[in-house]
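Engineer: First, the structure itself, so that you have it in front of you.
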Amino acid sequence: MAEPTIPTINFKEKAEELLPQGASFESCLTCGLCSSGCPASGIENMDPRKFIRMAMLGMDEELSSSKWIWACTQCKRCQHVCPMSIDISQLVFLARSNWPQEKKPAGIVRSCQLIQSTDSTSAMGLPPEDFVFVVNDVLEEVRELQPKFKNLEAPMDKKGAHFFVNQNSREPMSEPDEMVPLWKIFDIVGADWTYSSKAWAAENFCMFSGNEKAWFEVIRKRVDAVNKLGCEVWLNTECGHSYYTMWNGINRFGMEVDFKLESLVTYYARWIREGKLPVNSDWNRKNIKFTVQDPCMIVRKAYGDSIAEDMRFVTKALVGEENFIDMQPNRSANYCCGGGGGFLQAGMTEHRRTYGKRKFDQIAATGAAYVLTPCHNCHSQMEDIGHHYGGSYGVVHFWTLICLSLGVLGENERTYLGPDLLECI
Amino acid sequence: MIEEARHFTAELAVIGSGLAGFAASIFALNRNIKTAQIGNTGAIAYTTGYLDLLGSLAPDYAASIEDPWQGLELLRSSYPEHPLCRIPQTDIHTAFEQFTGFLGECGISYSSPGKTNARVLTPAGTLKPTLCMPATMQIGTTAFSRQEPCVIIDFKGLKGFSSSQIAANLKDQWPELRNTTIEFPDMSLGEIYPEVMARALEVPETREKLAKILVGAAGETKIIGLPAILGMHSPDLVRKEMEQLTGLEIFEIPTMPPSVPGIRLREMFEQLFPQKGITLIPQQKVDKLKIEQDGARLFLSDSFGPITVDAKSVILATGRFLSGGLEASIDGITEPLLNLPVTQPGSREEWYREKYTDRRGHEINKAGIEVDASFRPLDNNGAPYSNNLFAAGVILAHQDWIRGRCGAGVAIATAYKAVEEVEKYLS
Amino acid sequence: MTEKPTEQTIETEVLIIGGGVTGAGIMRDLSLRGIQTLLIDKKDLCAGASGGNHGLLHSGSRYVFSDLHSAIECRRESTILKHIAPQCIEETGGLFVAVAGDDPEFAENFGSKCEPAGIECTPISTSKARELEPLLSDRLFKAYRVPDATVDPFHLALLNVAHAEMVNGSSFRPHTEILSFICKNGKIEAAICRDNRTQSTITVRAGQYVNAGGAWAMDIAHMANCKDVNLLYSKGTLLVSHDRLTTHVVNRLRPPGDGDILVPGGTVSVLGTTSLRVDDLTTVKPTVAEIDINVREGTAMIPALATARYIRAFSGVRPLLQSADNADDREVTRGFALLDHSSQNLSNFCTITGGKLTTYRLMAEKTSDLIAERMHNSKPCQTHTTSLPDEESCRWTEPGASPKYWYRANDPEDMILCECEMVPQSAIDEIITDAPGAEDEMNLEAIALRSRAGKGPCQGSFCGIRITSHLYDRGHYHDKTGLIHMRDFFNERFKGMRTIIWGQQAAQMELAEALHCGLLGLNNLEDD
Ligand SMILES: Cc1cc2nc3c(=O)[nH]c(=O)nc-3n(C[C@H](O)[C@H](O)[C@H](O)COP(=O)(O)OP(=O)(O)OC[C@H]3O[C@@H](n4cnc5c(N)ncnc54)[C@H](O)[C@@H]3O)c2cc1C
Ligand SMILES: Cc1cc2nc3c(=O)[nH]c(=O)nc-3n(C[C@H](O)[C@H](O)[C@H](O)COP(=O)(O)OP(=O)(O)OC[C@H]3O[C@@H](n4cnc5c(N)ncnc54)[C@H](O)[C@@H]3O)c2cc1C
Ligand code: SF4
Ligand code: SF4
Ligand code: SF4
């Protein structure tokens, strides 16, 4: 069979369709601010300004088949710094969707296929019954071994619960104990929550694979699941892109939903403010330094700076104001880590690390011992580039640190703690 | 989907995040006025970091003027409509002091506003007059005036900044000037951006690597000039450390866009304003502005949805064409937010002179909105549009900041004046 | 720059004056007949009408009402050019469209008028026309398809010159202006020229002298005391949009008028033209009034022209052979004239002027026939069958060519200097060393003429700086000259922008001026 070819897109025409109001690619000043601030610049000899100019110059064939579109994480930083607010990521999405399935990076495609393969919508293909089993199994163990939590709950398919909580597949699949801190937090604040056996998973690589139909299908399943349980809030746990794909997808596909989409980070902040999560930084006697990675998927691309402020509030409460060092740039201007957009799954390791060099430099400049982030992709990517470039920092979830601060972090829940943190327990 | 509308209130809403907008917020902060600022990237992203007060005088903007204060006096007699002529010199001085003082506190030290203009280096190897400059650029000016030996260093892969060009153009005036090219550590292949180098230099290890190379490149010379790459958010610190590591005196020369100094300023403001209690909504444009007797409402939206801001007073600091404060169409120039009348040449034929570099500058650059003595924009009848609406920055008519080399001057001084008037209004 | 004016004498078989397409075409034609030539231009290649036209390779249909002879000539010549110079031509096809308000009878007759000229003209439905060109007005009532095409005159002229240089060492000298002739015994003995760069005098001794001075042909003829060239001048103004708006050439189906042709030019579209009698060739430039007329008229055909971003405007002058006293200059014959000046008692001088870009080859053929005959050279013309070669250094004028080349080469070290048109450093280097007219002190304008540098939305405001820096790095400049060239380049580019600075272009201009004057102080270069 002949190699499938990549059809050619007329980018200029599409650009006009995509951006009817203002912000047209035509208004580009070719000033280069976008390229200067894009970590994917230089990869495959490309950058966002070149992408726009090539589109304008009608180099449709070249752009349609450029591998660079898989190196652009669609993080929208270019748009953020552009005086004309030009959004290249939309064209990149278009180009991705145009690649024949067979040619797309296999890892991303496979993740999307797996998501579609079960009712779980899990990118690791974990079926509902297995998820239910793992949750119950872990729960039993905790109840047994941690007397404080002998009544811990992890409700499943509980109708009318306030929160519908999603879960990144990585936990039930490969590090199930990492779910426990989250449950403990819910327990402590007395949240009315539930998992769903269906559509419980958070991740959604269908958007990154440029498969709009599959993206829609996944979102539909998740929306249906929330509606079925009649929950008021779809609560996104610490996973950046799952929030974005859901929130953006609902708008994009014009879906009607009558629940709220919220990120757990905002609730951490709220519960701390309300005194429900009595965290403090007294444990950090050695003044271990922390910084925060703002996932672009929930900060720049969705909530904006308000959620970034919440993250900082939570972090400072957890580690002490004086032990928090902000990365530069940060919040909405932060760099994407380079793990997003399916980059981690795309198999382009060298490019991904090149992209991640900026993140590494940012982290290195803070001198912090740990990076806190509410995003699984960010987490994996930062660990990887840390090892690759010889960094000495660790990456931790918020839930870990919250439980550590509250003195309830179980033995098996300490995977991401270095010796310095372990000593603080 | 259920969304919560976001809503903010403030005593003052500043529209625009150029120098005028940021300056206005700082002055408001100093006067304890509760402020919200909204504005996206505009001209500030391209600035050099030099803060000009007044560098050349109409009508032919010839050789640079040495004493900008005296220049202001001359301007007052020849061109009284100029916004800078409507503000007392002492206020202008205070404005510059407060502004540079704030920057200094935030890690970007500036030379304080003096009696005369300094002649500072440009990336083409020309000199321009300015009043205040970032501390990172100061040594270049002193080394030049003292005619000390110096090496300008550029980097392989950095486009638009040629040390040979700078040396070739300055050699008559600075015989002790030499130049060389080096590679930036770990960035030897292809194109590199000043922004990337600056951020890399925030990392101690990169500084150490670069320092070794610089020492080699400097040879016997004790002063070196680099493109503006000495760190992004802590330039003072980066320069100090680089000097310690190399034992050399180091200064920066601004580069062409996309360049570091503008991003430095913007990121610093975006970093610190929220900490100081200013409600900053960065990277967004106000779509609609409704001014009423006792207050104003601003409408905007970000990717998350609609936002409204209610404020008792408003400063319009939306800049000119580049920033979107003014719009030029085939039929004329308009102000898009409130459709304020714009003073402008009679026809498009008069917008530009025949020759681009005509010494007298172009008429279109003097177009803009009119304000009364309290810097309130005027409506079609020549009366203030509203008691609570003020304007600042280069959106104002009767100034050509480009040729007059008074960009920061107009922005900072008028912002000071506008905030003063806001305070009067609020009390 | 510091060179002292010197005197120099050059000998050649034929001196050709005027480096437009006609002069370049003659140079090539003669070289193929084995005749050695020197081509000079007071400025550079395509400095006259050849660089200031619409770029339309006429199928002839435009002239079927007014001038059947020209129509047929165009049909023939465009067919030949499509064969011998495909690299300079894009076979876009053309449409003729009538919109509400246009004369229906005129529109109806169009097809039958094309027939006698042998031009393929197909009526199509208005919906078909709008399918082909979605931006066409919905007020269309008649449409035809014709075999119009577009041609890049810069590439064409460069290739003609490069080929001639290659074939027999004929040469081209830019910046060489003819000042006077020394005539004796019914012959021109020498041409006195000035090098406009160095101000030195150059004497050229040739057997034959060809005046291919386009609109300047009358002035040049006067230098040899020839009174038989009588020209009127008609100025045409055009504007360039940032985007290519149509794939076809779109003509308004009505008697020729203002703003009635939109010609795609690679990645842009060119709207024009106006037609205005002028007396003085030195002050030709677009005016705001002409721009407004073009936009207003063009909008009737393509409404998007009202809101398009324009990046440039320019004017060219058509020399009109003074004969009939026509009311409308567009009605004057677009034919050309070859004068052998025998009536003026000169036996080694001729003038070729008028005509069209489309017929440049034929004009060159007729002129070369005359010269060859005078030189007793019996070799026949070969230009209708011999293809133009693909000379590497000439390829950079084609829109979209340099990014394609750059993308394929995929060399991270080959940095893009002009980001708008994506012209890489290697292209600049090649032009400096190898392109026709390459010289020691090639300036930005000359580089821009031989490439797309400075032709995009920023109109050179950024790339001018980057290329200048690169030239300093290359050791091309050692003193202020580079800055002066840069300023002159910006001034030159500005001439084409002055009348179309509104909308996005006003933002672009403000940024440019802030950089050039606010920061670099190019307006004060002389003051220090
Ligand atoms: C290349 C370059 C070099 C320069 N170099 C110097 C220099 O060396 N020295 C010097 O003193 N000055 C320099 N300047 C000038 C300086 O940066 C400012 O342009 C000038 O001081 C004007 O400031 P401003 O705040 O009035 O306007 P601007 O800086 O233009 O700011 C206007 C702001 O308003 C925002 N805005 C517009 N519309 C809206 C809306 N509807 N809602 C919200 N926000 C809106 C824009 O996005 C922008 O942020 C330079 C400028 C440029 C472009
Ligand atoms: C507005 C406009 C639109 C047009 N559109 C089209 C079109 O779409 N299609 C088409 O086929 N034709 C078109 N034409 C016609 C076409 O451009 C010309 O017929 C053609 O370019 C003429 O070329 P040329 O070489 O004869 O003259 P030119 O290109 O004018 O060349 C004359 C040269 O002589 C040089 N010169 C002058 N004086 C001296 C001197 N003293 N010493 C040395 N050199 C000197 C000048 O610098 C100039 O370069 C258009 C013309 C105009 C004006
Ligand atoms: S930042 Fe915006 S205007 Fe500047 S080059 Fe990039 S897309 Fe164009
Ligand atoms: S979306 Fe992010 S990665 Fe993609 S071009 Fe823009 S800045 Fe670069
Ligand atoms: S992985 Fe993190 S930083 Fe990277 S794209 Fe996702 S959210 Fe953005």
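The values are calculated or read from the model by the stated rules, or taken from the named source; none is laboratory data. Please read these numbers as outputs of a predicted model, since none were measured by experiment. Ideal geometry is used to build each Cβ from the backbone, glycine not excepted, and the neighbour counts take in all protein chains shown.
Engineer: Go through segment B:293-322 and report how many residues are in contact (Cβ under 8 Å) with a residue 24 or more places away in the chain and in a strand (DSSP E or B).
Structural biologist: Residues flagged as in contact (Cβ under 8 Å) with a residue 24 or more places away in the chain and in a strand (DSSP E or B) within segment B:293-322 amount to 16.
Engineer: Among the helices (runs of 4 or more DSSP H) confined wholly to segment C:421-528, which include 3 or more residues that are in contact with a Phe, Trp or Tyr (Cβ under 9 Å, 6 or more places away or on another chain), within 16 Å of ligand 3 (Cβ to nearest atom) and not assigned by TED's automatic domain parsing to the domain that holds residue C:196?
Structural biologist: Fully inside segment C:421-528 and qualifying: C:504-513.
Engineer: Of the residues that make up segment C:450-460, is at least one more than 9 Å from chain B (Cβ to nearest Cβ), of a type in the set (A, V, I, L, M), buried (at least 24 other Cβ atoms within 10 Å of the Cβ) and closer than 17 Å to residue C:421 by Cβ?
Structural biologist: yes
To keep it simple, each residue is scored yes or no on (1) away from chain C (no Cβ under 14 Å); (2) in a loop (DSSP other than H, G, I, E, B); (3) touching a strand residue (DSSP E or B) at 6+ places or on another chain (Cβ under 6 Å); (4) buried (at least 18 other Cβ atoms within 10 Å of the Cβ).
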site: B:354; (1), (2), (3), (4): no, yes, no, no
site: B:373; (1), (2), (3), (4): yes, yes, no, no
site: B:382; (1), (2), (3), (4): yes, yes, no, no
site: B:403; (1), (2), (3), (4): no, no, no, yes
site: B:408; (1), (2), (3), (4): no, no, yes, yes
site: B:415; (1), (2), (3), (4): yes, no, no, yes
site: B:418; (1), (2), (3), (4): yes, no, yes, yes
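Engineer: Another one. Output the number of the condition that residue C:366 fails; it satisfies all remaining conditions of (1) touching a helix residue (DSSP H, G or I) at 6+ places or on another chain (Cβ under 9 Å); (2) more than 14 Å from chain B (Cβ to nearest Cβ); (3) not in a loop (DSSP other than H, G, I, E, B).
Structural biologist: Single failed check for residue C:366: (1).
Engineer: I'd like the full set of residues that are within 15 Å of ligand 5 (Cβ to nearest atom) and either surrounded by fewer than 23 Cβ atoms within 10 Å (Cβ to Cβ) or within 11 Å of another protein chain (Cβ to nearest Cβ) (or both), limited to segment A:66-77.
Structural biologist: A:76, A:77
Engineer: Looking only at segment B:390-401, how many residues end up being closer than 17 Å to residue B:42 by Cα and within 14 Å of chain C (Cβ to nearest Cβ)?
Structural biologist: Adding up the residues that qualify gives 4.
Engineer: With respect to the numbered conditions (1) assigned to a strand (DSSP E or B); (2) touching a residue at least 60 places away in the same chain (Cβ under 8 Å); (3) within 9 Å of another protein chain (Cβ to nearest Cβ), which one is the sole condition not fulfilled by residue B:284?
Structural biologist: Looking at each condition in turn, residue B:284 falls short on (1).
Engineer: Let me ask you something else. Could you please find all residues in segment B:153-167 being assigned to a loop (DSSP other than H, G, I, E, B) and without any contact (Cβ under 8 Å) to a residue 60 or more places away in the chain?
Structural biologist: B:156, B:157, B:159, B:162
Engineer: Would you call residue A:390 within 14 Å of chain B (Cβ to nearest Cβ), over 28 Å from residue A:33 (Cβ atoms), more than 16 Å from ligand 2 (Cβ to nearest atom) and not basic (Lys, Arg)?
Structural biologist: Judged against the criteria, residue A:390 is a match.
Engineer: Related question: Which residue out of A:255, A:297 is in contact with a helix residue (DSSP H, G or I) (Cβ under 7 Å, 6 or more places away or on another chain), surrounded by fewer than 16 Cβ atoms within 10 Å (Cβ to Cβ) and either in the same structural domain as residue A:370 (by TED's automatic domain parsing) or not acidic (Asp, Glu) (or both)?
Structural biologist: A:255
Engineer: Can you find a residue that is in contact with a Gly (Cβ under 8 Å, 6 or more places away or on another chain), hydroxyl-bearing (Ser, Thr, Tyr) and at the interface with another protein chain (Cβ under 8 Å from one of its Cβ atoms) anywhere in segment B:161-182?
Structural biologist: For segment B:161-182, residues in contact with a Gly (Cβ under 8 Å, 6 or more places away or on another chain), hydroxyl-bearing (Ser, Thr, Tyr) and at the interface with another protein chain (Cβ under 8 Å from one of its Cβ atoms): present.
Residue-wise test of (1) assigned by TED's automatic domain parsing to the domain that holds residue A:360; (2) in contact with a Cys (Cβ under 6 Å, 6 or more places away or on another chain); (3) small (Gly, Ala, Ser); (4) assigned to a strand (DSSP E or B).
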site	(1), (2), (3), (4)
A:371	yes, no, no, yes
A:381	yes, yes, no, no
A:386	yes, no, yes, no
A:390	yes, no, yes, no
A:395	yes, no, no, yes
A:402	yes, no, no, no
A:408	yes, no, no, no
A:412	yes, no, no, no
A:415	yes, no, no, no
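Engineer: From the residues in segment B:269-296 that are within 14 Å of ligand 1 (Cβ to nearest atom) and surrounded by fewer than 17 Cβ atoms within 10 Å (Cβ to Cβ), which one is farthest from residue A:310 (Cα to Cα)?
Structural biologist: In this case the residue turns out to be B:290.
Engineer: Identify the single condition in (1) closer than 28 Å to residue B:55 by Cα; (2) among the β-branched types (Val, Ile, Thr); (3) more than 7 Å from chain B (Cβ to nearest Cβ) that residue C:465 does not satisfy, given that it satisfies every other one.
Structural biologist: (3)
Engineer: Might you let me know whether segment C:88-96 holds any residue that is more than 23 Å from residue C:247 (Cα to Cα) and either touching a residue at least 40 places away in the same chain (Cβ under 8 Å) or acidic (Asp, Glu) (or both)?
Structural biologist: No: zero hits.
Engineer: Please go through segment A:327-337 and give me each residue that is more than 9 Å from every other protein chain (Cβ to nearest Cβ) and among the hydrophobic types (A, V, I, L, M, F, W, C), ordered by number.
Structural biologist: A:327, A:336, A:337
Engineer: State yes or no: is residue C:206 surrounded by fewer than 23 Cβ atoms within 10 Å (Cβ to Cβ), touching a strand residue (DSSP E or B) at 6+ places or on another chain (Cβ under 6 Å), among the hydrophobic types (A, V, I, L, M, F, W, C) and away from every other protein chain (no Cβ under 14 Å)?
Structural biologist: Here the answer is yes, as residue C:206 does meet what is asked.
Engineer: Checking the structure you have, find out if any residue of segment A:89-102 is of a type in the set (Phe, Trp, Tyr) and in contact (Cβ under 8 Å) with a residue 24 or more places away in the chain.
Structural biologist: Scanning segment A:89-102 turns up at least one residue that is of a type in the set (Phe, Trp, Tyr) and in contact (Cβ under 8 Å) with a residue 24 or more places away in the chain.
Engineer: Ok, one more. So, of the residues in segment A:24-58 that are free of Cβ contacts under 8 Å to residues at least 60 places away in the same chain and acidic (Asp, Glu), which turns out to be farthest from the other protein chains (Cβ to nearest Cβ)?
Structural biologist: A:47
Engineer: From the list A:10, A:45, exactly one residue is in contact with a helix residue (DSSP H, G or I) (Cβ under 9 Å, 6 or more places away or on another chain) and modelled with pLDDT under 90. Which is it?
Structural biologist: Within the list A:10, A:45, the selection yields A:10.
Engineer: Ok, one more. Please identify the pairs in which a residue from segment B:389-406 that is more than 16 Å from ligand 2 (Cβ to nearest atom) has its Cβ atom under 7 Å from the Cβ atom of a residue that is of a type in the set (Asp, Glu), counting only partners at least 6 apart or on another chain.
Structural biologist: If the second residue must be of a type in the set (Asp, Glu), the pairs left are B:390/B:421; B:397/B:370; B:398/B:81; B:402/C:513; B:405/B:52; B:406/B:52.
Engineer: Scan segment B:76-92 and give yes if some residue there is within 14 Å of another protein chain (Cβ to nearest Cβ), away from ligand 4 (no atom under 16 Å from the Cβ) and touching a strand residue (DSSP E or B) at 6+ places or on another chain (Cβ under 8 Å), otherwise no.
Structural biologist: Looking through segment B:76-92, none of the residues is within 14 Å of another protein chain (Cβ to nearest Cβ), away from ligand 4 (no atom under 16 Å from the Cβ) and touching a strand residue (DSSP E or B) at 6+ places or on another chain (Cβ under 8 Å).
Engineer: Applying the selection to segment A:294-326, what residues are part of a loop (DSSP other than H, G, I, E, B), more than 26 Å from residue B:306 (Cα to Cα), within 23 Å of the chain's Cα centre (by Cα) and more than 10 Å from chain B (Cβ to nearest Cβ)?
Structural biologist: Passing the criteria: only A:325.
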